[in-house]
1. From (1) more than 11 Å from the ligand (Cβ to nearest atom); (2) outside any helix (DSSP H, G or I), pick out the condition that doesn't hold for ALA225.
2. Can you list residue pairs whose Cβ atoms sit under 7 Å apart, with the first residue in segment 256-279 being acidic (Asp, Glu) and the second being modelled with pLDDT of 95 or more and within 8 Å of the ligand (Cβ to nearest atom)? Count only pairs 6 or more apart in sequence or on different chains.
3. Name every residue in segment 165-219 that is modelled with pLDDT of 95 or more, over 24 Å from GLU275 (Cβ atoms) and hydrophobic (A, V, I, L, M, F, W, C), in order of residue number.
4. Can you tell me which of (1) surrounded by fewer than 21 Cβ atoms within 10 Å (Cβ to Cβ); (2) in contact with a Pro (Cβ under 9 Å, 6 or more places away or on another chain) is the one ALA65 doesn't meet?
5. Which of the residues that make up segment 75-107 are more than 10 Å from the ligand (Cβ to nearest atom) and in contact with a Ser or Thr (Cβ under 7 Å, 6 or more places away or on another chain)?
6. If a residue has to be over 19 Å from the mean Cα position of the chain (by Cα), in a loop (DSSP other than H, G, I, E, B) and acidic (Asp, Glu) to count, how many in segment 52-75 make the cut?
7. What are the residues in segment 393-418 that are basic (Lys, Arg) and either buried (at least 19 other Cβ atoms within 10 Å of the Cβ) or under 28 Å from LEU328 (Cα atoms) (or both), if any?
8. Might you let me know whether segment 160-174 holds any residue that is under 18 Å from the mean Cα position of the chain (by Cα) and not hydroxyl-bearing (Ser, Thr, Tyr)?
Amino acid sequence: MHQSQYPPEPFRIKTVETINMIDRAQRERVIEEAGYNTFLIDSKDVYIDLLTDSGTNAMSDRQWAGMMMGDEAYAGSRNWQRLEATVKDLFGFQHVVPTHQGRGAENLLSRVAIKPGQYVPGNMYFTTTRYHQEANGGIFVDIIRDEAHDATIDLPFKGDIDLAKLQALVDKVGAEQIAYVCLAITVNLAGGQPVSMANMRAVRDYCRPLGIQVFMDATRCVENAWFIREREAGYADIPIRDIVREQFSYADGCTMSGKKDAITNIGGFLCLNDEELFVRARELVVVFEGMPSYGGMTGRDMEAMAIGLEEAMQEAYIEHRVKQVRYLGERLMEAGVPIVRPVGGHAVFLDTRQFCPHIPQDHFPAQALAAAIYVEGGVRSMERGIISAGRDKETGRDHAPRLETVRLTIPRRVYTYRHMDLVADTVIKLYQHRQDIRGLKWVYEPKQLRFFTGRFEQV
Ligand SMILES: *Cc1c(COP(=O)(O)O)cnc(C)c1O
């Protein structure tokens, strides 16, 4: 491996938080008590926490300074004015509605833009996104390119929409039965895979004459921009902030989780160009989130998010971010550990079908593997397979996704390359005795978003 491919951390460390490793016998007890669900492990019992990159980011000194500038007025906070201006400048949309996090924005968008019975095509589902679409009577249809469902195919833009699939749906149900197209950049559950600018443009060109709106899931829009610059012809010399803005020029709005690419611990927003949709979303935000000038966030959160969004556009930041994730992936691949390829923007996904071929999908191999990784090295990851996919609303049967993965998700600016080595060593060691990993069965299955709080025992 060429160390020179991997830039050093573009920051120095000013505050530290001590982490502790408990011993193996304790970890075995902890995972059993947590019902083999890594979501139910206490943070104090985790050594390296790769559960999620959501809200787990380290803020900068400038963001912490911004926290002291919180204007906690109930209405008209100056932090909101700064956040609104920053989002309009960086994303280019007409209107911004603040929300407590990404799913708050998804709730508002689904309520204002979906009529019961309408279809919502998207490039692979996301858990909370699909939940809100379905809760509002929408029917989700996956229109991502086929290759995205195959962990072994290495392509630069595996997140792209397959326009033929979109067209087939429109031909079948009619354009007026499409609520909107939901275009995620990057695609989390496909492995953090990016969408090309050419694809965004093509989707817009197809939808606009038909009057179909396109809303982006902007959660990792900066990571997506980085991949466009690295891989798509014509973008090698374009600043990241210009690529980010061009991406959004092909959409009518977006939902954003500020807990990811805005490098904060909480927050989100909805962007819209359509005046009527905006007025309705602003009417609803007061019911679910708060005044249209805070939407569930404190003034200091909004200040930190405005600063975080600016920092996310910095070239050295985003280069290190994406390459640190890649470093972990490369180390695993060199040792022969099967991962989803290519490595995406925020996480390395273990291909559990190859890692644990001895566990059938209805014994939840990815859930079992995530539990085993914790026991092996105190590293917390998450299942992204049949448990996360949930049940079909109509038939009650499990959605059985082709991708059965464990996600090792890297928080922004929190861990070093040496931490990545420890994670790699843990997974490689486990891979060498993978036959010992045993499948799981339900003890408690929640009705909604069951992966968060479900409990299991070994079969
Ligand atoms: C995290 C996430 C969301 C939801 O955002 P929250 O802030 O967690 O509510 C939506 N879409 C994608 C792709 C995400 O990763």
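The values are calculated or read from the model by the stated rules, or taken from the named source; none is laboratory data. Bear in mind that the values here come from a model prediction, so they are computed numbers and not experimental data. Neighbour counts are summed over all protein chains in view; Cβ atoms, including those assigned to glycine, are modelled from backbone coordinates with ideal geometry.
1. Going through the list (1) more than 11 Å from the ligand (Cβ to nearest atom); (2) outside any helix (DSSP H, G or I), ALA225 breaks only (2).
2. Cβ pairs passing all conditions: ASP261/THR219; ASP261/ARG220.
3. Within segment 165-219, LEU166, ALA168, LEU169, VAL170, VAL173, ALA184, ILE185, VAL187, VAL195, MET197, ALA198, ALA202 meet the criteria.
4. Status for ALA65: all satisfied but (2).
5. Our first condition is that a residue be more than 10 Å from the ligand (Cβ to nearest atom); within segment 75-107, this holds for 75-98.
Within segment 75-107, ALA75, GLY76, SER77, TRP80, GLY92 meet the criteria.
6. Taking segment 52-75 as the starting set, the residues that turn out to be over 19 Å from the mean Cα position of the chain (by Cα) are 60-75.
Going one step further and asking which of them are in a loop (DSSP other than H, G, I, E, B), we end up with 60, 68-75.
Next, from what is left, pick out any that are acidic (Asp, Glu): 71-72.
Number of matching residues: 2.
7. Keep residues of segment 393-418 that are basic (Lys, Arg), which gives 393, 397, 402, 407, 412-413, 418.
ARG402, ARG407, ARG412, ARG413, ARG418 - these are the residues of segment 393-418 that are basic (Lys, Arg) and either buried (at least 19 other Cβ atoms within 10 Å of the Cβ) or under 28 Å from LEU328 (Cα atoms) (or both).
8. Within segment 160-174 (the criterion being under 18 Å from the mean Cα position of the chain (by Cα) and not hydroxyl-bearing (Ser, Thr, Tyr)), the answer is yes, since at least one residue qualifies.
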